[in-house]
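K.L.:
After the structure tokens below, expect a handful of questions from me.
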Amino acid sequence: MQFDELGRRVAYWLFSYHPGGVLILNPRGGIVSQPVPADQILHVYRVLRPGQVRGVPWLAPVMMALRDLDDYCDAERVRKKVEACVTAFVEQPEGIDGDPLGLAGTDPSSGLPVESFQPGMVEYLKPGQSIKFNNPPPAGGYREYKMTELQGIMAGIGLPYELGTGDMSQVNYSSWRGGMLGFRNTVEAFRWLTLIPLFAMPVWRRFIDTLILQGRIPASAAEDPKINLRSVQWTAPRFESVDPVKDAEAVLKDVRMGRKSWFEAVLENGYDPTTQLEQIALFNKLLDKFEIILDSDPRNTTLRGQEQSAATEERTPSSKAVSGKAKGDGLAALSEEDLGMVKDLLVAGVSRAGGSFERTSRLYS
């Protein structure tokens with residue numbers, strides 16, 4: 001990095017191609033880096049202390065442990081190979097000059113005799129000869145040692161052991177949920193303090209500036225503080241639930257107890273509460289028009305699926321019957337306003353397809 005007299009970053013010196021890629025002949029010899037203006041670089045890294053100008057790799061605290069674990073696994077693998085290669089030890093008075101017991105051969109590299117056994121082979125020993133089959137003692141603790149090392153490595157990275165290794169043999173539902181709480185807090189901190197401010201916001205500003213330069217956004221609108229085009233609301237992907245039913249019941253109780261509002265519950269799933277209300281109003285209007293009663297409609301059914309009492313205020317506001325012609329006409333019986341709402345509902349459904357979010361949105365300017 002290159003700094004000016006005030007300590008501000010003005011350029012990043014980068015290679016024009018990857019050092020391990022295709023070699024490009026350079027008249028000056030070797031690999032030469034070129035300065036790139038700092039305002040054209042998105043340098044995303046975790047700021048862990050004041051004055052830090054470079055990031056620390058996630059694996060930096062555990063790189064030595066990973067190398068040692070790899071060496072141990074290689075040594076254990078070689079030991080298993082040696083155990084499988086040596087079959088038996090033969091003792092005879094003549095030593096190596098004695099007659100072979102199995103199929104005889106010679107090692108071309110060392111010149112020593114090599115014998116092999118075949119399945120079902122029967123061999124008679126001479127007086128003084130004996131054979132001892134290789135039966136090395138098992139080296140226990142391989143799984144326990146490797147698991148212990150991986151647990152320390154995952155802790156150094158800040159990743160749950162089960163998530164980093166895929167080993168779910170030691171967890172249950174409760175321990176998994178408890179172990180994921182700290183990791184989710186780490187991910188949330190990285191999202192809102194690093195990824196969005198250092199990467200997503202500069203990309204959004206560059207996107208708006210490009211539209212202004214292309215003339216697709218008037219310059220007057222770009223500078224209008226009431227519109228504030230460079231202000232954007234971000235919503236991060238949610239963490240998938242292990243038990244969606246229990247999580248939904250918890251949200252329902254929080255809303256009923258007043259611990260959170262309905263608007264906050266909708267925002268936690270990444271949706272716009274105003275759009276959500278409009279869709280609910282349209283959906284209820286269509287249900288009333290065609291006299292359809294769903295079990296999920298609280299105006300007509302209780303939480304247990306029973307019919308609401310006729311005297312309750314939650315009963316459908318309009319219970320007027322729809323004419324047979326209107327029923328048969330389907331969408332043709334809807335007014336222009338209703339059709340517009342249906343169109344908005346479909347568009348909103350398409351824009352939300354494939355996106356499920358959980359955390360509360362945050363506004364950045």
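K.L.:
Scan the stretch 251-280 for residues that are assigned to a loop (DSSP other than H, G, I, E, B), of a type in the set (Gly, Ala, Ser) and surrounded by 13 or more Cβ atoms within 10 Å (Cβ to Cβ) and jot them down.
P.N.:
The one that is assigned to a loop (DSSP other than H, G, I, E, B), of a type in the set (Gly, Ala, Ser) and surrounded by 13 or more Cβ atoms within 10 Å (Cβ to Cβ): 270.
K.L.:
So which residues in the stretch 200-237 are modelled with pLDDT of 90 or more and touching a strand residue (DSSP E or B) at 6+ places or on another chain (Cβ under 7 Å), if there are any at all?
P.N.:
Hits for the stretch 200-237 are 200, 201, 204.
K.L.:
Moving on to the next point. Please determine, by comparing only the residues of the stretch 183-201 that are within 22 Å of residue 62 (Cβ to Cβ) and touching a Leu at 6+ places or on another chain (Cβ under 9 Å), which one is surrounded by the fewest Cβ atoms within 10 Å (Cβ to Cβ).
P.N.:
For the stretch 183-201, the residue satisfying everything is 186.
K.L.:
Follow-up question, since we're still on this one. Where the second residue is of a type in the set (Gly, Ala, Ser) and surrounded by 13 or more Cβ atoms within 10 Å (Cβ to Cβ) and the first is more than 21 Å from residue 190 (Cβ to Cβ) and lies in the stretch 157-177, which pairs have Cβ atoms under 9 Å and are six or more apart or on separate chains?
P.N.:
171/179
K.L.:
State whether the residues of the stretch 41-58 include one that is at pLDDT 85 or above and under 30 Å from residue 143 (Cα atoms).
P.N.:
Checking the stretch 41-58: at least one residue is at pLDDT 85 or above and under 30 Å from residue 143 (Cα atoms).
K.L.:
Go through the stretch 7-40 residue by residue and tally those that are modelled with pLDDT of 85 or more and either assigned to a loop (DSSP other than H, G, I, E, B) or among the acidic types (Asp, Glu) (or both).
P.N.:
Number satisfying all stated conditions: 3.
K.L.:
Provide a single number: the residues in the stretch 32-63 that are in contact with a Ser or Thr (Cβ under 7 Å, 6 or more places away or on another chain) and touching a residue at least 60 places away in the same chain (Cβ under 8 Å).
P.N.:
Of the residues in the stretch 32-63, 2 are in contact with a Ser or Thr (Cβ under 7 Å, 6 or more places away or on another chain) and touching a residue at least 60 places away in the same chain (Cβ under 8 Å).
K.L.:
Does residue 72 satisfy being part of a helix (DSSP H, G or I) and either at pLDDT 90 or above or surrounded by 11 or more Cβ atoms within 10 Å (Cβ to Cβ) (or both)?
P.N.:
yes
K.L.:
In a helix (DSSP H, G or I) and more than 18 Å from the chain's Cα centre (by Cα): does that describe residue 156?
P.N.:
Judged against the criteria, residue 156 is a match.
K.L.:
For residues in the stretch 159-182 being within 15 Å of the chain's Cα centre (by Cα), surrounded by 15 or more Cβ atoms within 10 Å (Cβ to Cβ) and not polar (S, T, N, Q), which is farthest from residue 65 (Cα to Cα)?
P.N.:
The extreme case among them is 180.
K.L.:
Kindly provide the set of residues from the stretch 266-289 that are among the hydrophobic types (A, V, I, L, M, F, W, C) and modelled with pLDDT under 85, ordered by number.
P.N.:
Passing the criteria: 266, 267.
K.L.:
A further question follows. In this structure, does residue 239 turn out to be surrounded by 13 or more Cβ atoms within 10 Å (Cβ to Cβ), in contact (Cβ under 8 Å) with a residue 12 or more places away in the chain and not in a helix (DSSP H, G or I)?
P.N.:
So residue 239 fits the description; yes.
K.L.:
Do you know which residues across the stretch 75-95 are farther than 30 Å from residue 139 by Cβ and in a loop (DSSP other than H, G, I, E, B)?
P.N.:
92, 93, 94
K.L.:
Okay, next question. Check whether at least one residue in the stretch 218-231 is out of contact with any Gly (no Cβ under 7 Å at 6 or more places or on another chain), not in a loop (DSSP other than H, G, I, E, B) and not assigned by TED's automatic domain parsing to the domain that holds residue 185, and report yes or no.
P.N.:
no
K.L.:
Restricting to the stretch 222-276, what's the tally of residues that are of a type in the set (Asp, Glu) and in contact with a Lys or Arg (Cβ under 9 Å, 6 or more places away or on another chain)?
P.N.:
Residues meeting the conditions: 3.
The values are calculated or read from the model by the stated rules, or taken from the named source; none is laboratory data. Bear in mind the structure is a predicted one, so any value in this text is a computation, not a measurement. Cβ sites come from the backbone with ideal geometry, for glycine too, and all protein chains shown count toward neighbours.
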